[in-house]
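The values are calculated or read from the model by the stated rules, or taken from the named source; none is laboratory data. Only a predicted model underlies this, so the values are computations on that prediction, with no experimental measurement involved. Please note: Cβ atoms are built from the backbone with ideal geometry, for glycine as well, and neighbour counts cover all protein chains shown. Protein only, heavy atoms only, side chains kept; ligands, DNA and RNA dropped before computing areas. Shrake-Rupley method; radii C 1.70, N 1.55, O 1.52, S 1.80 Å.
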Amino acid sequence: MIDFDALAEVMGDLDEDAMTQMLEDVMSAGGQDAQKAMDACQKGMDIVGTRFESGEYFVGDLIYAGELMTKAVDILKDALVKDDGYTQEKTKMILCTVKNDLHDIGKNIVRSMLEAAGFDVLDLGIDVPPEKIVETAKNENIRIVGLSGVLTLAIDSMKATVDAFQAAGMRDKVKIVIGGAPVNAAVCAQTGADAWATSPQTTIDYCRTWANE
Ligand code: B12
């Protein structure tokens, strides 16, 4: 039986060996607790953030924490994505971190899971301006766009991106899902996005629904 509080702690302590062992235990037990393990790792990231704010951790620690989180998702990935028999041809979609925001750990996790769920993800990277997103959607004939951001500042960029689709006369042609730590229902309404999510599985559910429309 995995102790999820202990898992959050080892993640917060950046103890790679202990984290890897615990996650492998989750998988060898059948993977039913993969989502709980993922939530514990996320709590561990909050511990890292708090230690960074208090001056105990430095930027290098944050970067290492990101690598650990990516490794955690790699281990858990197969058990995290619910199989709903979705076997259609791969749908191409855009995913990126919005302008002025350089955080990409969450985006990369969402990308891994969308890919595992059968999407062809065009990852435009970080700090991506609205014009580039709109232009790519137009050129590639893309109907689903995922916008990531963790800075409060990212909310303005998400809104600017939705507005840019509107200005280009393409708003009714794309579905836009936003995600990241500051995102909630109010932010979704404020930006004019179609949906919001903080969990990759919810993101996958939205994207599958839209892909089937
Ligand atoms: C790691 C980190 C960094 C790393 C980023 C490395 C990287 N490659 O991403 C580095 C060191 C570069 C960094 C830099 C900075 N950071 Co920083 N960083 C963090 C930290 C500790 C963790 C963020 C993270 O990766 N979380 C884990 C991931 C998995 O969570 P997530 O992104 O929310 O993603 C999940 C969901 O939200 C969702 N999701 C994510 N994307 C998407 C997209 C879609 C479409 C959907 C549907 C869902 C979804 O799925 C994910 C998995 O569950 C946070 C603190 C914290 N507790 O969050 C601070 C934090 C975000 N950083 C902060 C700050 C201030 C900065 C800096 C300004 C610091 C500085 N003075 O230079 C710079 C900003 C640079 C910039 N312009 O972006 C603040 C932001 C404050 C604010 N409200 O705006 C925070 C909150 C720390 C703090 N408490 O002060 N940072």
Checklist line | Between segment 127-205 and segment 31-54, the Cα center-to-center distance that results, in Å | finding: 25 Å
Check: To the nearest 10 Å², what's Ser54's accessible area with a 1.4 Å probe?
Finding: 90 Å²
Checklist line | Value at 222 nm in deg cm²/dmol, rounded to 500, when DSSP H runs of n ≥ 4 in the chain each add -39,500 (n - 2.57) | finding: -18000 deg cm²/dmol
Item checked: All-pairs alpha carbon distance profile, segment 122-213, 5 Å steps from 0, percent -> 3, 14, 28, 27, 22, 7, 0
Checklist line | Nearest-10 value in Å² for the accessible area of Lys36, using the 1.4 Å probe | finding: 120 Å²
Notebook entry, point to check: Largest first, what is the accessible-area ranking of Lys175, Lys107 with a 1.4 Å probe?
Noted result: Lys175, Lys107
Check: Expressed as a rounded percentage, what relative contact order does the chain have, with Cα pairs under 8 Å and six or more residues apart?
Finding: 16 percent
Next item on the list: Which order do the peptides 1-7, 37-43, 140-146 take when ranked by the mean count of other beta-carbon atoms within 10 Å per residue, highest first?
Entry: 37-43, 140-146, 1-7
Check: From the cross-link list Lys43/Lys159; Lys71/Lys132; Lys36/Lys175; Lys77/Lys132; Lys107/Lys175; Lys71/Lys175, which pairs have alpha carbons spaced over 21 Å apart?
Finding: Lys43/Lys159; Lys71/Lys132; Lys36/Lys175; Lys77/Lys132; Lys71/Lys175
Notebook entry, point to check: Sorted by accessible area with a 1.4 angstrom probe, largest first, how do Thr161, Thr152, Thr202 fall?
Noted result: Thr152, Thr202, Thr161
Next item on the list: Normalise the Debye intensity by I(0) for the chain, one equal point scatterer per Cα, no solvent, then take log10 at q = 0.09, 0.12, 0.16, 0.17 Å⁻¹ and round to two decimals.
Entry: -0.36, -0.64, -1.06, -1.16
Notebook entry, point to check: Based on Cα positions only, what radius of gyration and what Dmax would you give for segment 27-128, in angstroms?
Noted result: 15.4, 49
Notebook entry, point to check: When the solvent-accessible surface of protein heavy atoms is calculated with a 1.4 angstrom probe, in what order do Tyr57, Tyr206 fall, highest first?
Noted result: Tyr206, Tyr57
Margin query: Just the number please: accessible area per residue for the chain, 1.4 Å probe, all protein chains included, in Å².
Written below: 50 Å²
Checklist line | Heavy atoms of Lys92: accessible area, 1.4 Å probe, square angstrom to 10 | finding: 70 Å²
Next item on the list: Using the Karplus curve 6.51 cos²θ - 1.76 cosθ + 1.60 with θ = phi - 60°, work out ³J(HN,Hα) for each residue of segment 189-205 in order, rounded to whole Hz, and write x for Gly and Pro.
Entry: 5, 4, 7, x, 6, 7, 7, 9, 7, 10, 9, x, 5, 5, 4, 4, 4
